[in-house]
Structures are given as structure tokens and as C-alpha cells.
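Student: Here it is, the structure in full.
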Amino acid sequence: MTTTNKPYNIKEKTEKNAAYRSLIRAELADELFDKILNIIIIEKRYRDKDFSAKELAKMLGTNTRYISAVINSRFNTNFSSLINEYRIKEALHRLTDKRYTDLTIEEIGTIVGFANRQSFYASFYRIMGETPNGYRKKHLSTK
């Protein structure tokens, strides 16, 4: 058995088939999808480091299983990955925008919602395949 040593302890994504995903009505799924988009993206709740699926479910008057089912079926990911994707998208902008060059990478990670440096770097590397510092250096030098 060979093991590859991946940076930041990144684990491979596995497909799971939870039975409750098929229990949610299509109309309810559509309604929750729209509301989830609004809260996470328009209201930018992804910036809140303590934002959870439980809190989202409470805001929408539903349960976490329904939230999970909608996110899995409509976004093809889980809650944490969805939140981190939007955090990284904003971080990409801030890392390459000259208006934010005075901010450290850790400060940018905090602004976009990461609780600590390690989680920011791990998520960034998982999504982008490089570190935030490497990305910033490469893209700021070309602008």
C-alpha cells in the first residue's frame, strides 16, 4: 500500500448516498435553494466564521437534513465546502486587488470568514492547488 503525503492533510472527496435526500419535495427544495443562495451569497453570511448548517436551518425554519439534501443535490457539495468556496472566491479577489496589498494573508483569511490560518490555507490549497501566498505573488506581479 502506498500513501501519498498531501499538504494540509487534505482527504479525497467521497460520494455518499444518504436516503433522506430523496425525501424532500421538489417544490420545497427549490424554495430552500433560493433562500440558501440569498443568505449565503447575497447576504454574504459565509464571512461569519461561526455560521453553521444548524444556524442556516434555524433561519429558514427547517432542519439540517433538508439543508444538507438541498446543498448536496443542487450544489453537488456539502455545507462546509460550499461556504469555503465562496470564502475562497472573495479571497482571490482580495489577494490580487491592489487596494488590499497592505493586508496580510491571515487578515484576508479572517475577513472572508476563516477562523484561523490553517483552515484558510488548507481550503485555499484544496480549491486552488497552491497557497494563498503563492497565488498572491504570481497574480500581483502580473498586474
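Nothing in this text is a laboratory measurement; each read-out follows from the coordinates by a stated rule. As the structure is a computational prediction, the values presented were derived from the model and not from experiment. Because the Cβ atoms are built from the backbone with ideal geometry, glycine has one as well, and the counts that use them run over all protein chains shown.
Student: Give the dimensionless ratio obtained when the Cα radius of gyration of segment 50-98 is divided by 2.2 N^0.38 Å.
Tutor: On the way: Rg = 13.1 Å, N = 49, 2.2 N^0.38 = 9.7 Å.
Its radius of gyration relative to the 2.2 N^0.38 Å reference: 1.36.
Student: Now a separate question. When Lys and Arg each count +1 and Asp and Glu each count -1, what net charge do the other residues less than 14 Å away from D48, Cβ to Cβ, add up to? If you can, show how the numbers build up before the last one.
Tutor: Values: positive: K44, R45, R47, K49, K54, K58, R87; negative: E43, D50, E55, E90.
Computed value for this residue: +3.
Student: Here's a follow-up. Percent of Cα-Cα pairs more than 14 Å apart in segment 55-143, please.
Tutor: Values: 2597 of 3916 pairs.
It works out to 66 percent of all Cα pairs.
Student: Can you tell me the dipole magnitude for segment 23-82 around its Cα centre, using point charges on the Cβ only (Lys, Arg +1; Asp, Glu -1), in Debye to the nearest 20?
Tutor: Details: 10 positive and 8 negative charges, 39 e Å.
In debye, rounded to 20, segment 23-82 gives about 180.
Student: Is there a quick way to get the dipole size of segment 32-143? I mean about its Cα centre, with the Cβ of Lys and Arg at +1 and of Asp and Glu at -1; what is the value in debye to the nearest 20?
Tutor: Details: 20 positive and 12 negative charges, 34 e Å.
The calculation lands at about 160 debye.
Student: Read phi for every residue in segment 101-113 and hand back ³J(HN,Hα) as whole Hz from Karplus 6.51 cos²θ - 1.76 cosθ + 1.60, θ = phi - 60°, with x for Gly and Pro.
Tutor: Result, ordered by residue: 5, 7, 8, 6, 5, 4, 5, 5, x, 5, 4, 7, x Hz.
Student: Another question, then. Work out the P(r) tail for segment 23-82: percent of alpha carbon pairs separated by more than 20 Å, whole number.
Tutor: Working: 224 of 1770 pairs.
Beyond 20 Å sits 13 percent of the P(r) for segment 23-82.
Student: Right, another one. Assign unit charges at the C-beta atoms only (+1 for Lys and Arg, -1 for Asp and Glu), then state the dipole size of segment 84-140 relative to its Cα centre in Debye, rounded to the nearest 20. Don't skip to the answer; put the middle values down first.
Tutor: Details: 10 positive and 7 negative charges, 30 e Å.
Computed about the Cα centre, the dipole is about 140 debye.
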